[in-house]
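As structure tokens, the structure follows; a few thoughts come after it.
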Amino acid sequence: MSHPLLAQYVNAAHTANQQGLPAKAVEYSQLALALNPGMPEVWFNLGIAQARLGQKPAAIASLEQARLRCLDSAEGQNSIGLHLLELGALEPAETCLRQAVKLAPRYAYAHSNLGKLYRKRKLPAKALAHVTQAIELAPKEPLLHVNLAGVYLDLKQRQQAEEAARKALELAPALTQAWVNLSVALCKQQRLEEAERAARKALELSADLPEAWESLGGALAGQHRFREAETALKKSVALQPASADAWFALGTMYGLLNRHALAEVAYRKSIELDPEKTEALSQLGFTLKDLKRYDEALDCLRKAYQQDPTIDYLLCRKLMLQVSVCDWNNREQEVKELALGLRAGTAMADPLSALALFDDPQLQRIATKCYIPKNNTAPEYSNPAEGDPTLRRRIRIGYFSPDFRDHPVAQLLVELLELHDRSRFEVLGFSFNPKTISPLGQRISHAFDRFFDASEMSDPELTTLAHNCKLDIAIDLSGHTAGSRTKVFAQRIAPAQVNYLGYPGTMGAEYIDYLITDSVVCPPGSEAWYTEKMARLPHCYMPHDSQQAISERTPSRSEFGLPESGFVFCCFNNHQKISPEVFDIWMRLLRQVEGSALWLSDGPELMKNNLRHEATSRGVEPGRLVFAKRVDQMADHLARYRLADLFVDTLPYNAQTTACDALWAGVPVLTRTGLSFSSRVAASLLHAIGLPELVTDSPEAYETLALGLAREPTRLQAIRAKLAEQKLTCPLFDTNTLVRDVEKIYTAMYKRVIDGLPPDNIDIET
């Protein structure tokens with residue numbers, strides 16, 4: 001016979017838990033245990049109270065005692081299993097939930113909770129099976145559809161997640177978690193304004209829901225509304241300081257702001273709370289790379305890849321970090337793996353990495369198609385041009401870039417902007433970074449008729465500004481490079497939108513109408529690999545600043561550690577462009593040209609040590625690799641090019657600005673062409689300066705010509721003399737003519753717009 005006070009103590013413990021008084025619940029539960037230690041409800045109440053007091057091991061032990069005392073109750077096993085799941089005790093939780101399903105195979109919520117458990121175990125396929133079974137059993141239960149939306153998010157099936165969340169809302173319009181899941185699904189589809197509205201609806205229903213603040217912060221950060229995003233994400237962290245997801249979202253926002261030290265703190269906190277959160281580990285790796293702590297960064301990315309190789313772009317970004325420090329371990333195998341994934345339609349390689357890894361324009365186009373949102377069709381332009389172009393106002397051109405500063409894009413473009421015919425063209429600049437006080441930054445900002453600092457603008461604000469400016473043509477100077485704002489172009493800010501200069505490949509986006517190029521980098525017949533129409537200039541597409549100064553003083557070779565009399569091969573390309581195949585050729589050249597050296601740009605010690613090791617393994621004394629320390633003035637950098645004998649290019653990603661610099665400084669450039677835009681840029685430069693004899697089309701021809709020029713001084717001297725003679729008269733450095741040709745292209749684009757014609761290929765004749 002039970003004690004008369006037992007039921008009173010059990011009910012009091014239950015009520016205390018409901019009222020948020022866990023200490024009282026523990027007290028009443030212990031009194032009940034003294035009377036009857038075999039009653040499952042007593043252990044259950046005690047476990048819940050201990051969990052709320054932060055006594056996790058004790059809570060798990062108490063719930064386990066409850067489980068053992070209600071083995072024949074499906075409802076009891078389900079409830080205990082759910083609480084164990086919330087405590088992170090996955091094995092006992094699974095035991096409970098499986099028992100519940102065994103006892104009651106048609107118990108919908110037991111199946112749904114098993115789905116939640118398998119989500120925690122990162123087994124989304126098993127989770128999906130149980131959740132869909134739950135919905136078959138109880139299709140009108142909105143919480144089951146919420147759970148289904150979460151599973152679809154795990155599976156990266158964002159549209160299905162959206163549909164499941166909307167079904168939950170159809171059944172229960174005030175279900176806050178459904179609004180949160182809808183917001184996340186929309187955010188993952190880059191439908192950021194819709195995602196923001198869904199998150200705000202969730203917050204209207206529950207102002208202290210941390211997941212809603214988290215999703216709102218992500219949607220705001222994606223729109224470049226970083227101040228609002230930071231407020232939202234800090235609120236999320238404050239409401240759930242033990243949430244790995246909340247800290248991860250905060251770290252992601254700081255990463256977008258380039259506040260890397262704060263991002264590191266947030267990511268480390270996320271990993272501390274959930275060591276299995278692979279995305280936080282991978283993002284920590286990227287952050288450490290930005291902090292130039294390359295060894296630590298690589299360690300993070302390798303561990304992340306071991307934990308979860310399915311994360312979008314993780315293998316590619318790990319590989320790109322390796323190749324940026326010239327670590328070529330497993331490079332060939334991993335490049336093949338990336339190519340196979342891309343051909344299968346998987347998001348394996350981002351567009352910029354694809355330029356460096358593949359000399360295959362088809363793969364590069366696939367990479368862009370996988371990278372941009374599936375629905376990439378821009379709306380119709382709302383301010384169409386009208387009237388005869390000869391009678392209408394000046395054609396209004398908008399240039400958009402994060403690089404109106406000390407950057408190669410600004411260096412190349414500045415004189416073109418200055419030389420635009422202001423009687424026919426109005427030139428506007430939209431900068432994604434704050435205006436700088438450097439001479440180049442000041443000069444390029446003054447080259448525009450109007451210059452807008454858009455660094456603090458959200459995407460909607462920038463879109464509105466661009467629309468209000470009533471542009472005729474909008475030029476994207478960054479493409480898929482760092483700091484780009486392609487979402488603005490996706491809103492159709494001009495009737496003609498153009499990819500130019502900053503990104504040497506196709507954007508893969510239907511809202512970019514034209515690619516400004518030439519017939520060497522994009523020869524006739526290559527159109528199939530580009531979503532844009534070709535706008536071909538008659539010579540090289542790349543502009544140049546003819547005012548770019550070169551210091552009169554030529555430094556001595558000893559100032560830079562170069563041999564006084566030996567032949568100097570030079571390549572100042574980014575280190576990630578150096579492939580093992582090209583390096584093999586360079587090392588064979590050093591072995592065959594006595595006293596020669598290879599002069600490379602400086603970089604982290606890890607990169608230099610890796611290249612020295614690679615040189616040694618190929619039988620070359622590592623001291624013959626010389627690394628050029630950074631100099632403060634561009635004029636001094638150009639002057640030291642005179643110390644080199646021959647610039648040797650890379651493949652599949654050619655020299656671009658660096659090749660232009662070498663030729664401007666009087667140093668011949670030897671290149672090898674491939675099939676893609678990025679592998680043909682140096683060839684375009686050389687054709688435009690009248691040195692096509694320095695363009696090769698095979699590794700054998702490249703190596704043979706390099707060796708011949710190194711061994712035959714008179715032959716090389718003849719090429720240097722030809723370069724010096726043609727430098728000031730060739731099309732490559734004739735900026736005036738280039739500007740007029742570019743303006744012809746703009747006029748042809750504009751004419752098609754006002755004639756109501758769709759974009760088409762444009763070829764400007766000489």
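Could you please let me know if E230 is under 30 Å from T464 (Cα atoms), charged (D, E, K, R) and part of a helix (DSSP H, G or I)?
yes
Assess whether L707 counts as being outside any loop (DSSP other than H, G, I, E, B), under 23 Å from H539 (Cα atoms) and touching a helix residue (DSSP H, G or I) at 6+ places or on another chain (Cβ under 7 Å).
Against the criterion (outside any loop (DSSP other than H, G, I, E, B), under 23 Å from H539 (Cα atoms) and touching a helix residue (DSSP H, G or I) at 6+ places or on another chain (Cβ under 7 Å)), L707 does not qualify.
Would you tally the residues in the range 130-141 being part of a helix (DSSP H, G or I) and either surrounded by 18 or more Cβ atoms within 10 Å (Cβ to Cβ) or touching a residue at least 12 places away in the same chain (Cβ under 8 Å) (or both)?
So the answer is 7.
Among (1) open to solvent by less than 30 Å² (accessible area, probe 1.4 Å); (2) closer than 21 Å to G47 by Cα; (3) of a type in the set (A, V, I, L, M, F, W, C), where does L144 come up short?
Unmet for L144, out of (1) open to solvent by less than 30 Å² (accessible area, probe 1.4 Å); (2) closer than 21 Å to G47 by Cα; (3) of a type in the set (A, V, I, L, M, F, W, C): (2).
Among the residues of the range 187-196, is any of a type outside the set (A, V, I, L, M) and either in contact with a strand residue (DSSP E or B) (Cβ under 6 Å, 6 or more places away or on another chain) or open to solvent by less than 20 Å² (accessible area, probe 1.4 Å) (or both)?
no
I'd like to verify a number: residues in the range 734-766 that are in a loop (DSSP other than H, G, I, E, B), at pLDDT 95 or above and of a type in the set (A, V, I, L, M, F, W, C), how many?
Total meeting the criteria: 1.
Identify, from the list Q65, Q30, Q77, Q99, the residue that is buried (at least 24 other Cβ atoms within 10 Å of the Cβ), modelled with pLDDT of 90 or more and either farther than 27 Å from S243 by Cβ or in contact with a strand residue (DSSP E or B) (Cβ under 7 Å, 6 or more places away or on another chain) (or both).
Q77
State all residues of the range 293-320 that are open to solvent by 70 Å² or more (accessible area, probe 1.4 Å), outside any helix (DSSP H, G or I) and either touching a Phe, Trp or Tyr at 6+ places or on another chain (Cβ under 9 Å) or modelled with pLDDT of 95 or more (or both); if no residue qualifies, say none.
Selection gives R293 alone.
Within the range 497-549, which residues are of a type in the set (D, E) and modelled with pLDDT of 95 or more?
Correct list: D513, D518, E527, E532, D545.
Can you tell me which residue in the range 613-627 is farthest from D661 (Cα to Cα), limited to those that are free of Cβ contacts under 8 Å to residues at least 24 places away in the same chain, open to solvent by 40 Å² or more (accessible area, probe 1.4 Å) and not in a loop (DSSP other than H, G, I, E, B)?
Only one residue fits best here, namely S617.
Cβ-Cβ distance below 6 Å, separation of 6 or more or different chains: which pairs start in the range 154-176 with a residue that is open to solvent by less than 70 Å² (accessible area, probe 1.4 Å) and end on one that is among the hydrophobic types (A, V, I, L, M, F, W, C) and in a loop (DSSP other than H, G, I, E, B)?
So the pair list comes out as A168/L175; T176/L209.
Return the pair list, or none, for Cβ contacts closer than 6 Å from residues in the range 736-757 that are under 10 Å from L537 (Cα atoms) to residues that are among the small types (G, A, S), at least 6 apart or on different chains.
Short answer, once both residue conditions are applied: I745/A535.
Which is more than 25 Å from F248 (Cβ to Cβ), of a type in the set (S, T, Y), out of contact with any Pro (no Cβ under 6 Å at 6 or more places or on another chain) and assigned to a helix (DSSP H, G or I), of Y152, Y118, Y109?
Selected residue: Y109, the only one of Y152, Y118, Y109 that is more than 25 Å from F248 (Cβ to Cβ), of a type in the set (S, T, Y), out of contact with any Pro (no Cβ under 6 Å at 6 or more places or on another chain) and assigned to a helix (DSSP H, G or I).
Determine whether the range 671-688 contains at least one residue that is out of contact with any His (no Cβ under 6 Å at 6 or more places or on another chain), of a type in the set (S, T, N, Q), open to solvent by 10 Å² or more (accessible area, probe 1.4 Å) and part of a helix (DSSP H, G or I).
Taking every residue of the range 671-688 in turn, none turns out to be out of contact with any His (no Cβ under 6 Å at 6 or more places or on another chain), of a type in the set (S, T, N, Q), open to solvent by 10 Å² or more (accessible area, probe 1.4 Å) and part of a helix (DSSP H, G or I).
Just to be sure I understand the filter: pairs with C-beta atoms under 8 Å, separated by 6 or more residues or on different chains, first member in the range 558-575 and more than 16 Å from W586 (Cα to Cα), second member of a type outside the set (G, A, S) and surrounded by fewer than 16 Cβ atoms within 10 Å (Cβ to Cβ). Which pairs pass?
Final answer for the pair search is S558/E564; F560/K629.
Every residue in the range 567-612 that is farther than 19 Å from L355 by Cβ, outside any helix (DSSP H, G or I), out of contact with any helix residue (DSSP H, G or I) (no Cβ under 6 Å at 6 or more places or on another chain) and open to solvent by 10 Å² or more (accessible area, probe 1.4 Å), please.
Of everything in the range 567-612, those that are farther than 19 Å from L355 by Cβ, outside any helix (DSSP H, G or I), out of contact with any helix residue (DSSP H, G or I) (no Cβ under 6 Å at 6 or more places or on another chain) and open to solvent by 10 Å² or more (accessible area, probe 1.4 Å) turn out to be E594, G595, D602.
Regarding R640, is this residue more than 18 Å from L600 (Cα to Cα) and among the charged types (D, E, K, R)?
Spelling it out, it is not the case that R640 is more than 18 Å from L600 (Cα to Cα) and among the charged types (D, E, K, R).
Any residue in the range 536-551 that's of a type outside the set (D, E, K, R): show its pairings with residues that are buried (at least 19 other Cβ atoms within 10 Å of the Cβ) and assigned to a strand (DSSP E or B) at Cβ separation under 6 Å, as long as the two are six or more apart or on different chains.
L537/D518; C540/D518; Y541/I516; Y541/T517; Y541/D518
For the range 639-670, what are the residues that are surrounded by 22 or more Cβ atoms within 10 Å (Cβ to Cβ) and of a type in the set (G, A, S)?
If the condition is that a residue be surrounded by 22 or more Cβ atoms within 10 Å (Cβ to Cβ) and of a type in the set (G, A, S), then A644, A655, A659, A662 are the ones that fit.
Any residue that is open to solvent by less than 30 Å² (accessible area, probe 1.4 Å), over 30 Å from A644 (Cβ atoms) and touching a strand residue (DSSP E or B) at 6+ places or on another chain (Cβ under 9 Å) - is there at least one of those in the range 729-740?
Checking the range 729-740: not a single residue is open to solvent by less than 30 Å² (accessible area, probe 1.4 Å), over 30 Å from A644 (Cβ atoms) and touching a strand residue (DSSP E or B) at 6+ places or on another chain (Cβ under 9 Å).
May I ask you to say which residue of L716, L670, L686, L728 is at pLDDT below 95 and under 29 Å from Q633 (Cα atoms)?
Just a single option satisfies the conditions, and that option is L728.
Do we find a residue being in contact with a helix residue (DSSP H, G or I) (Cβ under 7 Å, 6 or more places away or on another chain), under 19 Å from K122 (Cβ atoms), among the acidic types (D, E) and open to solvent by less than 70 Å² (accessible area, probe 1.4 Å) anywhere in the range 241-258?
No, the range 241-258 contains no residue that is in contact with a helix residue (DSSP H, G or I) (Cβ under 7 Å, 6 or more places away or on another chain), under 19 Å from K122 (Cβ atoms), among the acidic types (D, E) and open to solvent by less than 70 Å² (accessible area, probe 1.4 Å).
I need the strands (runs of 3 or more DSSP E) fully contained in the range 481-538, keeping only those with at least 2 residues that are surrounded by fewer than 24 Cβ atoms within 10 Å (Cβ to Cβ).
It comes to 533-537.
Can you tell me which residue among D472, D449 is crowded, with 20+ Cβ neighbours inside 10 Å and either farther than 20 Å from N258 by Cα or in contact with a helix residue (DSSP H, G or I) (Cβ under 7 Å, 6 or more places away or on another chain) (or both)?
Residue meeting the stated conditions: D472.
Which of the residues spanning the range 350-363 are part of a helix (DSSP H, G or I), within 21 Å of S698 (Cα to Cα) and open to solvent by 10 Å² or more (accessible area, probe 1.4 Å)?
L357, P361, Q362
Please enumerate the residues belonging to the range 419-437 that are surrounded by fewer than 18 Cβ atoms within 10 Å (Cβ to Cβ) and more than 22 Å from A482 (Cβ to Cβ).
D421, R422, S423, R424
The values are calculated or read from the model by the stated rules, or taken from the named source; none is laboratory data. Predicted model, so just to flag it, every value in this text is computed and none were measured. Cβ: placed from backbone, ideal geometry, glycine included. Neighbour counts: every protein chain shown. Side chains are part of the model used for accessible areas, which takes the heavy atoms of the whole protein and leaves out ligands, DNA and RNA. Shrake-Rupley method; radii C 1.70, N 1.55, O 1.52, S 1.80 Å.
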